[in-house]
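The values are calculated or read from the model by the stated rules, or taken from the named source; none is laboratory data. Keep in mind that what you see is a predicted model, and the values were worked out from it rather than measured. Cβ coordinates were reconstructed from backbone atoms using ideal geometry, including for glycine residues, and neighbour counts include every protein chain displayed.
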Amino acid sequence: MRTEIKNYTVLALVVVLQVIGNVFLSRGMRSVGSIDRISLATVYAYGLRTAGNPWVLLGFGLLVAFFALYLAALSRLDLSYVLPMTASTYVLTAFSAWLILGESVSPTRWAGTLAVTIGIVLITDSELRKSTQLNPVGSGGPVEKCEDAT
């Protein structure tokens, strides 16, 4: 049970760090602005402005922490579980972009985030069923096949 709590905590941190990191990066890049023309001098100046922006730096740092925890999650859990669970970042990022950054999120995008949410619920349910089958109440361990010793 303790391991499950750790796993869910790591996954929750993965999701939160990715969402906040992306929101900070977006805010920072909006303040940096876009690059108008491509030349060595403008690309260099743009790189310096980007690297010196505190929102970009904070977002980058959070995304580095996200990636480290993502690696930890992959070392403990099935990819087929971790990746869909991190897909919840799509829902939270759309909500955060709307709430924090003031982005206009169309009904079609909200419908897409609802579809992602439904998928996350289905995957979570399948993982819970899997763990219940592997660890029935009172067994203390995985279900083992019993074979006759004939």
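Consider only pairs whose beta carbons are under 8 Å apart and that are at least six residues apart or on different chains; among these, list those whose first residue lies in segment 21-39 and is closer than 25 Å to Phe66 by Cβ and of a type in the set (S, T, N, Q) and whose second residue is modelled with pLDDT under 95 and part of a loop (DSSP other than H, G, I, E, B).
From residues that are closer than 25 Å to Phe66 by Cβ and of a type in the set (S, T, N, Q), the pairs are Ser26/Leu101.
Looking only at helices (runs of 4 or more DSSP H) that lie completely in segment 73-141, which have at least 2 residues being in contact with a Leu (Cβ under 8 Å, 6 or more places away or on another chain) and modelled with pLDDT of 80 or more? Steps first, answer last, please.
Details: elements: 79-86, 88-99, 107-134.
Helices (runs of 4 or more DSSP H) meeting the threshold: 79-86.
Suppose we filter segment 1-31 for residues that are closer than 16 Å to Leu92 by Cβ and not aromatic (Phe, Trp, Tyr); how many remain?
Here the count works out to 16.
Do you know which of the residues in segment 49-64 that are aliphatic (A, V, I, L, M) and surrounded by fewer than 16 Cβ atoms within 10 Å (Cβ to Cβ) is farthest from Leu11 (Cα to Cα)? Full working, then the answer.
Here is the first cut: in segment 49-64, the residues aliphatic (A, V, I, L, M) are 51, 56-58, 62-64.
Those still in the list that are surrounded by fewer than 16 Cβ atoms within 10 Å (Cβ to Cβ) too: 51, 57, 64.
Values: Ala51: 29, Leu57: 23, Val64: 15 Å.
In this case the residue turns out to be Ala51.
Per-residue answers, yes or no, for (1) within 30 Å of Ile120 (Cα to Cα); (2) modelled with pLDDT under 95; (3) not in a loop (DSSP other than H, G, I, E, B):
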{"site": "Ser34", "(1), (2), (3)": "no, yes, no"}
{"site": "Thr42", "(1), (2), (3)": "no, yes, yes"}
{"site": "Arg49", "(1), (2), (3)": "no, yes, yes"}
{"site": "Leu57", "(1), (2), (3)": "no, no, yes"}
{"site": "Val64", "(1), (2), (3)": "yes, no, yes"}
{"site": "Phe67", "(1), (2), (3)": "yes, no, yes"}
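List pairs: first in segment 44-60 and touching a residue at least 24 places away in the same chain (Cβ under 8 Å), second among the aromatic types (Phe, Trp, Tyr), Cβ under 8 Å, 6+ apart or cross-chain?
Trp55/Phe24; Val56/Phe24; Leu58/Phe24; Gly59/Phe24
Do we find that Leu17 is among the aliphatic types (A, V, I, L, M), in contact with a helix residue (DSSP H, G or I) (Cβ under 7 Å, 6 or more places away or on another chain), free of Cβ contacts under 8 Å to residues at least 12 places away in the same chain and assigned to a helix (DSSP H, G or I) in this structure? Spell out how you get there, then give the answer.
Working: among the aliphatic types (A, V, I, L, M): yes; in contact with a helix residue (DSSP H, G or I) (Cβ under 7 Å, 6 or more places away or on another chain): yes; free of Cβ contacts under 8 Å to residues at least 12 places away in the same chain: no; assigned to a helix (DSSP H, G or I): yes.
Taking the combined requirement at face value, the residue does not satisfy it.
Counting just the residues of segment 87-113 that are surrounded by fewer than 11 Cβ atoms within 10 Å (Cβ to Cβ) and of a type outside the set (Val, Ile, Thr), which one comes out nearest to the chain's Cα centre (by Cα)? Steps first, please.
First, the residues of segment 87-113 that are surrounded by fewer than 11 Cβ atoms within 10 Å (Cβ to Cβ): 102, 104, 106-108, 111.
With the extra rule that they be of a type outside the set (Val, Ile, Thr), the set shrinks to 102, 104, 106-107, 111.
Numbers: Gly102: 21, Ser104: 22, Ser106: 22, Pro107: 23, Ala111: 19 Å.
Top of the filtered list is Ala111.
Which one of Ile5, Ile100, Ile20 is among the aliphatic types (A, V, I, L, M) and over 28 Å from Leu122 (Cβ atoms)? Break it down into steps so the answer makes sense when it comes.
Working: Ile5 fails: over 28 Å from Leu122 (Cβ atoms); Ile20 fails: over 28 Å from Leu122 (Cβ atoms).
Going through Ile5, Ile100, Ile20 in turn, just one is among the aliphatic types (A, V, I, L, M) and over 28 Å from Leu122 (Cβ atoms): Ile100.
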